[in-house]
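The values are calculated or read from the model by the stated rules, or taken from the named source; none is laboratory data. Just so it is clear, the structure is predicted and the values come from calculations on it, not from any experiment. Because the Cβ atoms are built from the backbone with ideal geometry, glycine has one as well, and the counts that use them run over all protein chains shown. When the accessible area is computed, the model is the full protein with side chains, heavy atoms only, and any ligands, DNA or RNA have been set aside. Shrake-Rupley method; radii C 1.70, N 1.55, O 1.52, S 1.80 Å.
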Amino acid sequence: MQRELRWSDESDCEAFAAQLATRQELRSALITLEGHLGAGKTTLVRHLLRALGVTGRIRSPSYAIVESYEGTLGPIANIWHCDFYRFSDPREWEEAGFRDLFAQDGLKLVEWPDKAAGLLPTADLHIRLHVLPDEQRSVTLEANTATGMRLLP
């Protein structure tokens, strides 16, 4: 199932993240994010992490590949934010031990999932961000599982 949204500015992104953060299903969800550089993937993740009670600096995992956080609001204790942009071969995902990480309970947020070329489990929710000529964002939400369906607004 798909839903289409339009964000006129960053406050719409922040409001979406705040609403998503209230969902119990996030506890062990896999959310993948797709979009060109600058589309707002990391911005969305930062707003979601803040809404989940993460304090302190939230770094983009572009160089580290994965950053882990602990949520302080609601039922989410473990959160991983992954960015596979720098992967040049899908086998890097396996060699880096991500199979074990994705088997753990917790929220997984993945930017550039295509770089893991079919090695990721099925995403509960896939979010596509597209920058429009007027700088608004066209957002497509695709639920691929029952958990994903419950995450849709």
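Remarks
- Span from the the stretch 97-153 Cα centroid across to the the stretch 21-40 one, whole angstrom: 5 Å
- Value of [θ]222 nm, deg cm²/dmol, for the chain, DSSP H segments ≥ 4, -39500 (n - 2.57) each, nearest 500: -7000 deg cm²/dmol
- Accessible area of the chain divided out per residue, in Å², using a probe of 1.4 angstrom: 51 Å²
- Shape category assigned to the chain from the gyration tensor of Cα positions, a/c cut at 1.5: rounded
- THR43 accessible area, 1.4 Å probe, all protein chains in place, Å² to nearest 10: 50 Å²
- Rounded to the nearest Hz, the phi-derived 3J(HN,Hα) couplings of the stretch 41-49 under the Karplus curve 6.51 cos²θ - 1.76 cosθ + 1.60 (θ = phi - 60°) are 4, 5, 4, 4, 4, 4, 5, 5, 4, where x marks glycine and proline.
- Here the accessible area is traced with a 1.4 Å probe on the protein chains. For the chain, carbon and sulfur cover 48 percent of it.
- FRET efficiency estimate (nearest 0.05) - Cβ-Cβ, GLU10 to SER60, R0 22 angstrom: 0.85
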